[in-house]
Amino acid sequence: MSDHTFSRRAAILGAAALPVAGLVHAQSQPTGVVISSANRNDGGIHCCAKALEVIQSGGDTLDAVIAGVNIVELDPRDNSVGYGGLPNEDGVVELDASCMHGPSRRGGAVGAIRGIKTPSKVAQKVALETDHMMLAGEGALRFAKAWGFQEENLLTDESRTQWLIWKRSLRDRNGHTFWESGVDAPPAKKAAEVEELKKLFPQYGEEFLEEALENALNPPHGTINCIALNEKGEMSAVTTTSGMAFKIPGRVGDSPIIGGGLWLDQDIGGAGSTGRGEENLRVCGAHTIVENMRHGMSPREAALDALKRVARNFDNDEKRLAAVDLDFYVLRKDGEYAGASLWGPVQGEKRFAVASGSRPSHHEPSVYLLARK
Ligand code: GLY
């Protein structure tokens, strides 16, 4: 949608030059407002609805956002978060999460934790029950088990199959892989590869196999971020993810980095991210956005400014930036909010989810910095 598209020139001119398209509903929400990333299977819609329900029944804002993202963490169909998330290169699911509680100004995070379906809840325990900010790897798992979390296998048949298909896609310069039979096998063409996969994995439809092949060639990195504000002006936020698919074991993205994939200042507002964590960390995105708002920018201007910094790190070269996907979600203390993406949509609208006292959970389009041709 061209209304949501800001040219690079406009972006470089600065936020003041951006058209005001009335896309972001700036309104105080006396009975609470929750925003989140959109996610698959209406995950964001369900997340925001749940978080708002907790707030409206008098629950704490941190409990609210955690209850919201738990729905997505426990949904095996979302392969970018929690149970069913795509694994690392060893075929092991490693999860990252962080949370911040506005009223107490506490935060907690876990990085590269294995075997726990709801890492956001472990991050909450780190925030509220320890004197630390972040636990990682084996220590994070031991901490979770000490609090009664159950260690489980987080791979589903679907995510294991996607990992196998990724293994098969790693070929030498002659197109050979040890993961298919016959040293003389010719290099696979995509259509032939899908036919071969159908024979190997007859339990899956063509759509799943094509997506798995695409994920093998361009490993995805989804996530969910959720931020809430209650009628007392209290705020909390959480980000949780299985991180980049097929990553090097131990890789930690932006989601558990407080200030990177999540930041919240009770006096100003909160921000979080989904997408390629490495590029977000290079601009400390969530903290940058909240500081931008402290200095007077609107949520939309603040997020677009952070995205401009990402573009600047690539000398504003759109060819190199084409491989980067990054989205921010921003909620200010007065209830104004925005979703902002580096790239405008190829198909459909970039969206985020919103629920408030005045409107049930729904999607809204994000603004974006660059338009895909
Ligand atoms: N933003 C999620 C990640 O890069 O791990």
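How do the pairs read when you match residues in segment 357-373 that are free of Cβ contacts under 8 Å to residues at least 60 places away in the same chain with residues anywhere that are surrounded by fewer than 22 Cβ atoms within 10 Å (Cβ to Cβ) and of a type in the set (Val, Ile, Thr), using Cβ under 9 Å and keeping only pairs 6 or more apart or on different chains?
These pairs meet every condition: Arg372/Val346.
Can you spot a residue in segment 136-149 that is in contact (Cβ under 8 Å) with a residue 24 or more places away in the chain and among the basic types (Lys, Arg)?
no
Does segment 149-158 include one or more residues that are within 16 Å of the ligand (Cβ to nearest atom) and in contact with a strand residue (DSSP E or B) (Cβ under 7 Å, 6 or more places away or on another chain)?
Filtering segment 149-158 down to residues within 16 Å of the ligand (Cβ to nearest atom) leaves 154.
Imposing the further condition that a residue be in contact with a strand residue (DSSP E or B) (Cβ under 7 Å, 6 or more places away or on another chain) reduces the set to none.
The answer is no, given that none of the residues of segment 149-158 is within 16 Å of the ligand (Cβ to nearest atom) and in contact with a strand residue (DSSP E or B) (Cβ under 7 Å, 6 or more places away or on another chain).
Here's the yes/no breakdown for (1) buried (at least 22 other Cβ atoms within 10 Å of the Cβ); (2) modelled with pLDDT of 95 or more; (3) hydrophobic (A, V, I, L, M, F, W, C):
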site	(1), (2), (3)
Arg106	no, yes, no
Arg114	no, yes, no
Leu135	yes, yes, yes
Lys145	no, yes, no
Gly148	no, yes, no
Thr156	no, yes, no
Leu170	no, no, yes
Asn174	no, no, no
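Please verify whether segment 42-57 includes one or more residues that are in a loop (DSSP other than H, G, I, E, B) and free of Cβ contacts under 8 Å to residues at least 40 places away in the same chain. Reasoning before the result, please.
Keep residues of segment 42-57 that are in a loop (DSSP other than H, G, I, E, B), which gives 57.
Adding the requirement that they be free of Cβ contacts under 8 Å to residues at least 40 places away in the same chain leaves 57.
Yes, the conditions are met somewhere in segment 42-57.
Pick from Asp334, Asp327: which is outside any strand (DSSP E or B) and at pLDDT 95 or above? Full working, then the answer.
Numbers: Asp327 fails: outside any strand (DSSP E or B).
Testing whether each residue is outside any strand (DSSP E or B) and at pLDDT 95 or above leaves just Asp334.
Do the conditions hold for Asp131, that is, is it outside any strand (DSSP E or B), acidic (Asp, Glu), surrounded by fewer than 22 Cβ atoms within 10 Å (Cβ to Cβ) and without any contact (Cβ under 8 Å) to a residue 12 or more places away in the chain? If you could, list the steps in order and put the result at the bottom.
Details: outside any strand (DSSP E or B): yes; acidic (Asp, Glu): yes; surrounded by fewer than 22 Cβ atoms within 10 Å (Cβ to Cβ): yes; without any contact (Cβ under 8 Å) to a residue 12 or more places away in the chain: yes.
So Asp131 fits the description; yes.
Does segment 57-75 contain any residue that is at pLDDT 90 or above, acidic (Asp, Glu), in contact with a Gly (Cβ under 7 Å, 6 or more places away or on another chain) and surrounded by fewer than 23 Cβ atoms within 10 Å (Cβ to Cβ)? Explain how you work it out, then say what you get.
Keep residues of segment 57-75 that are at pLDDT 90 or above, which gives 57-75.
Now narrow it down to the ones that are acidic (Asp, Glu): 60, 63, 73, 75.
Pick out the ones that are also in contact with a Gly (Cβ under 7 Å, 6 or more places away or on another chain) and you get 73, 75.
With surrounded by fewer than 23 Cβ atoms within 10 Å (Cβ to Cβ) added as a condition, the list becomes 75.
Yes, segment 57-75 contains a residue that is at pLDDT 90 or above, acidic (Asp, Glu), in contact with a Gly (Cβ under 7 Å, 6 or more places away or on another chain) and surrounded by fewer than 23 Cβ atoms within 10 Å (Cβ to Cβ).
Tell me which residues, restricted to segment 326-373, are among the aliphatic types (A, V, I, L, M), touching a Lys or Arg at 6+ places or on another chain (Cβ under 8 Å) and surrounded by fewer than 24 Cβ atoms within 10 Å (Cβ to Cβ). Break it down into steps so the answer makes sense when it comes.
Within segment 326-373, the first condition is being among the aliphatic types (A, V, I, L, M), and the residues that meet it are 326, 330-331, 338, 340, 342, 346, 353-355, 367, 369-371.
From what's left, touching a Lys or Arg at 6+ places or on another chain (Cβ under 8 Å): 326, 330, 338, 340, 346, 367, 369-370.
Val346, Leu370, listed by residue number.
Return yes when Glu195 is on the phi < 0 side of the Ramachandran plot, without any contact (Cβ under 8 Å) to a residue 12 or more places away in the chain, more than 10 Å from the ligand (Cβ to nearest atom) and not basic (Lys, Arg) and no when it is not. Spell out how you get there, then give the answer.
Numbers: on the phi < 0 side of the Ramachandran plot: yes; without any contact (Cβ under 8 Å) to a residue 12 or more places away in the chain: yes; more than 10 Å from the ligand (Cβ to nearest atom): yes; not basic (Lys, Arg): yes.
When the stated conditions are applied, Glu195 passes them.
The values are calculated or read from the model by the stated rules, or taken from the named source; none is laboratory data. Everything numeric in this text was worked out from a predicted model, so none of it was measured. Counting neighbours? That spans all protein chains shown, and the Cβs are built from the backbone with ideal geometry, glycine included.
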